[in-house]
Structures are given as C-alpha cells and as structure tokens.
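To keep things clear, I will list the structure first and then write my remarks on it.
Just so it is clear, none of the values below were taken in a lab; they were calculated from the coordinates. Only a predicted model underlies this, so the values are computations on that prediction, with no experimental measurement involved. Don't worry about glycine lacking a Cβ; one is built from the backbone with ideal geometry, like all the others, and counts go over all protein chains shown.
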Amino acid sequence: MSTILSLNNISKRYGIVQALDGVSFDIPAGSVYGILGPNGSGKTTMLGIVTDVLKADAGSFTLMGQTPSAAQRRKIGTLLETPNFYHYLSAYKNLQIVANIKQTSEQDIPRVLELAGLVARQHSAFKTYSLGMKQRLAIAAAMLGDPEVLILDEPANGLDPVGIAEVRNLIRKLAQSGKTIIMASHLLDEVEKVCTHVAILRKGKLLGSGPVNAVLSRDNFIEIGGPDNQALAQLIKQHPAFVQVLPAQDGILQVTFRETIDPASLNSWCAQQGVWLNHLQMSRKSLETAFLELTNN
Amino acid sequence: MLQIIKIEWLKVKNYRTFWVFIGLGLLAMLAPNFIIHDIFVKNIPKEAQQLLGQSMYDFPLVWQTVASVNSYTSGIFSLLVITLVSNEFNYKTHRQNVIDGWERRDFVLSKLFWVVALALLAFLTSLVAVLIFGGVYGKAPFSMEGSRFLGYYFLQVLVSLCLALLVGMLVKRTGLAIILFLGYIMFIEQILVSIVKRFFGNIGGLFPLQAGDELLPFPIVEKLVKFSGPYDSVVYLTALIAYTALFIWLVFRRMLRTDL
C-alpha cells in the first residue's frame, strides 16, 4: 500500500510550549486515519504544518511520496479548524473562489452544495449563516473536485446531532469508495465508528500509531447478570478461562476471560452449575476507556 | 498569474466597499483639480493672472499641476490596499487560500497585483485629467514637455501602495493598520523629515513619500519659495525605486517564513 503522508521527526515550539516533539508516522493510502488527543495536544498544529500554514522548526514530511507543494494541496480537500470564507460573499461565490484555487471545474459546485444540504441558502451571504451551516460549507469546500485525500479537523464541530450523523455517514461512504481520510478529533465515539488507524498525541508527543486495535488494546469482555449477582460472581470465578470480574452498572457483572468465549457455551456452563442468566452480552472496552488509560499514564 | 487575477476579481466583484473606495479614489483625483482650476484659473483677477505668468492648467504646466495635486489625494487607494490585505487576515482566508492550493508566494502576488493595478489606475486617471484640463480648459497647444511629472507621480503612488501593503501584512488588523498608515503619511514622516533635515541636511528629503514630494513641487508655490529638492532628480527616483523593492522584499520575507 502506498503512503499518502509520511511525517519524519516533526517538531514545533510556540514560545515555551512544545507543541510537537519529534513526531513521525505514516498514513497509508485508503485508510481512515484518526489523529487523537486531548485539547492542546498538537493535532491542529500537525495538520497546519502538513498544509503549509505553519512552519515546522525541525523535521520533514512528504505528501503522496513527493516533496510537499501547492500542487499536492490542490488534490487534498482540507477543513482546518474554523471555516474560513469571505463574509460578504454567498456560499456559491465562495466555492467559486475555492474551485479556481484548486483549479477544478466550477461545475462541481452544485453537487457539493447538495451534499452539504446548502442548496436552499447557496445565494445568502456567508455572514448570515449559522455555525452549523458554516461548518457544512467548509465540508462542501473540502469535497470540491472529489479529492482522493481529505483532511478533516474536527469535522463535526458546531453540528447538531442530525448533522453529526450525516457527517459520519459521509465519511463512511467516502472511506468505502477508497479515499484516504485524515481526521483529527477529540470525540472518540466518532473515531471509534469510522477510523481504521489512529495516531495518539499528548502534549506534542506521539504515544502510538497504527491500526486501531494494535494501538489501543481493547480486551473483549462479557457482561452477565443473574437473579443473585453475588452468587454469580462467586460462581464465575470457577470458570476455567476466568481472569477478572468487575461490577458494572445496574447490577451487571463485567467478566474478562483469557480467551474468546462463545456466549452460548458460557450460558450452558452457567446453567449446568444451576444458575440461569437473565443478561448476557459480548462487549468491548470502549475506545474512550482505552484512550484514557493510554493518555493518563 | 492570470488565474490569480481571476480569483482576486471574484473576491472583489461583489464587494461594495471595494467599489466605494474606487469611486471615492477617482473622485478624489478629479474633484480637487476642478476646485483648484476654478480658484486659480477661472476666478483669479486678470492682473494677478499676468503676474503668475502661464496658467497652471495650460500645457506644459498642467502635467506638473495634476501630478502634484493628485499626489496628495491618492492615499485613498493605499487605504483600499490595507483593507483588502487585512480582510484576508480577519477572515483567515489567507490561510484557506494556501490550504486550498496556493503557494504562499501566490498570496503575495495576488496583493501585489492590486498594488500595480491601482497605481496604473491612478496614473491613467491622472492622464485623463491632464488631457481634460489641458485640452478642454487650457489655452496652450498640447505638449509632452513636463509629462515626466506624471511618471514621478506613478512612482510615488507605487511606493505609497507598497508601504500600505507592508503595513497591512505586518499589522493584520484593519483599524490599527489604517491608523498607523494615515499617521505616517499625514505627520509622522513630516516630523522625521524636519528633524533629519535640520540636523543632517538634505538627506531628510529621501524618506519614502518625501522623495516623491521633492520631485512633485506645486507649480506656483515653487516660484515663490524654493521647493524642489537640492539633489538631482535621479537621486530621488533611485530612492523611490529602492523603497519599492525594499517594501516588496520585506513583504515576501515575512509571508514566506511566518506562521499564517
């Protein structure tokens, strides 16, 4: 698989703040790559360097295997931080400017306006837009010319729940069509639902990068419940593959096993011991838990 | 470059402030000439007219008169340059332009385009003013003698616009940039010129805008007090070209290196 973006030892300092500290990783083509990290961890700084609005103090990077230049940026749809448009111009006229800078056809404008749900307001001035509409326009601008690579910095910012779901679906569809998506977010729920790879930043340092499950180890566990959970907790400790039991919410037990357990066989084992389960669910440690464990160390 | 000019056109085409500035700028170049023409040529007593000699709006003097009068009013275009530059910083569209696929150099070129375009507009408007006043109201036949003053004027406007570009790029905030620029052209430079002239002599006449002023003395006043500079015109011209180059170099240096 070819590499879309390759970072090599990138460092950036703002006064006394080390925003990025020797960050290196590769983003393979066709991946949905989440850049994760708490606020102020260096996500936007990293994407700013990649898009040439910020200058790195040290290190280098390549875009699509080449020395970065405007020619590559024209092939990437980017939404960085806030939506930046000419306040006095309409959505349509703003997109005309973007299309001309990207050297792509203006004929693609109706398609992206439709995609962003802005057709009805396309001739209103940008300054009259709500926060959510501005964000939608920024997404529309990033989609202009149907680029193979998208850089989305907090794409769901300012959107209502319907808008968030729409953006998530859009990202999924784009990913399915083979596009590479680089997405910075602190909303782990979002990343969990769409990303194939992650890089995790904290205070400018890269904590890990690669496929999601390799970076954030998330053991499978099973949630069980019975009429008497105390007795059930005692019983489950005798299971041959048992590792750990933790009380979860609503009187349910979270049990971790050494190996993958078939729920049917677990149910049958409990029944043989004389306990009938009234709750049985396979579960995974949420990305949020795994992320907090990793970033708090 | 054509692509850049097209994009700049898309940015201003529907921007009302831009057209107000252009209209005001053109008015400010033509109206004062009408007023001065009225006072010094139409309404002046015959005897005084003879004392002054040739009318200011007759060829060849009209070249110098229009250039000199307009050198006071073309600051409006400088304010337009500051507005266009600081708008980009306010809306953060300078970042977006680069993100979307401009080189940083292209952004500087896009604003340099306005510097050149507005300088040419000022030059052409002044040329039209010369032809109107000299041709329609003047009594002397057309003459190219003295047309060099319009060239000096073009260079002075160019320096002033480049200074505005630099201030806009460095200060970024519209209000502050305009106040600093106006303060500089209205009195700060004058004070510096006076101080340097007093203590160090004629070199004080080589400040960016003063150098142009020294080349563009007002015709009648020039007769009453020695107004034009002591150096040869070439010195002032060289200074104007050097300032233009310096300001453009500083703008490039700033925009190619800084975080946007």
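Mean-square fluctuations from a GNM of chain A, with a 10 angstrom spring cutoff on Cα atoms, peak among A:Ser283, A:Ser265, A:Ser24 at A:Ser265. Each principal axis of the Cα cloud of chain A was taken in turn, and the coordinate range along them, longest first, works out to 73, 46, 37 Å. For a distance above 31 Å, tell me the whole-number percent of Cα pairs in segment B:2-257 that qualify. Of all Cα-Cα pairs in segment B:2-257, 30 percent lie more than 31 Å apart.
Rounded to the nearest 500, the 222 nm mean residue ellipticity of the protein assembly as shown from helices alone is -16000 deg cm²/dmol, with -39,500 (n - 2.57) taken per DSSP H run of at least 4 residues. Taking 20 Å as the cut-off for C-alpha to C-alpha distance, list the pairs among A:Lys102/A:Lys179; A:Lys43/B:Lys11; A:Lys127/B:Lys11; B:Lys11/B:Lys92; A:Lys102/B:Lys11; A:Lys179/B:Lys92 that go past it. Violating the 20 Å Cα-Cα cut-off are A:Lys43/B:Lys11; A:Lys179/B:Lys92. How far is the Cα center of segment B:79-106 from the Cα center of segment A:46-84, in Å? Between the Cα centres of segment B:79-106 and segment A:46-84 lies a distance of 17 Å. Between B:Ile241 and B:Asn90, how high is the FRET efficiency from 1/(1 + (r/R0)^6) when r is the Cβ-Cβ distance and R₀ = 22 Å? Nearest 0.05. The value I calculate is 0.10. Highest average first, the peptides B:96-102, B:134-140 ordered by how many other beta carbon atoms sit within 10 Å of their residues are B:96-102, B:134-140.
Approximating the spin labels as points 7 Å out from Cα along Cα→Cβ, the B:Leu124-to-A:Ala29 distance works out to 4.8 nm. Among complete DSSP H helices in chain B, those whose alpha-carbon atoms stretch at least 20 Å along the helix's long axis and whose mean Kyte-Doolittle hydropathy reaches 0.5 are B:16-37, B:75-91, B:104-131, B:148-171, B:233-257.
Peptide packing for B:109-120, A:70-81, A:45-56 was compared via the average number of neighbouring C-beta atoms within 10 Å per residue; ordered from the highest value, the list is A:45-56, A:70-81, B:109-120. From zero up to wherever the largest Cα-Cα distance of segment A:220-296 sits, split into 10 Å bins and tell me the percent of pairs in each. Histogram of Cα-Cα distances, whole percents per bin: 18, 54, 21, 7, 0. Distance between the 7 Å Cα→Cβ label points at A:Ala271 and B:Trp249: 8.9 nm. Dividing the Cα radius of gyration of the protein assembly as shown by its Kirkwood radius returns 1.20 for Rg/Rh. Modelled spin-label separation between B:Ser143 and A:Phe242, with each label point placed 7 Å from Cα along the Cα-to-Cβ direction: 11.5 nm. Applying 1/(1 + (r/R0)^6) with r as the Cβ-Cβ distance of A:Ile16 and B:Ile22 and R0 = 60 angstrom yields a FRET efficiency of 0.80. Here A:Lys203 is the anchor, and the aspartates and glutamates within straight C-alpha reach of less than 14 Å, apart from those fewer than 8 places off in the same chain, are A:Asp21. What residue among A:Ala142, A:Ala241, A:Ala125 has the largest mean-square fluctuation in a Gaussian network model of chain A, using Cα springs under 10 Å? Comparing A:Ala142, A:Ala241, A:Ala125 in the GNM, the peak value goes to A:Ala241.
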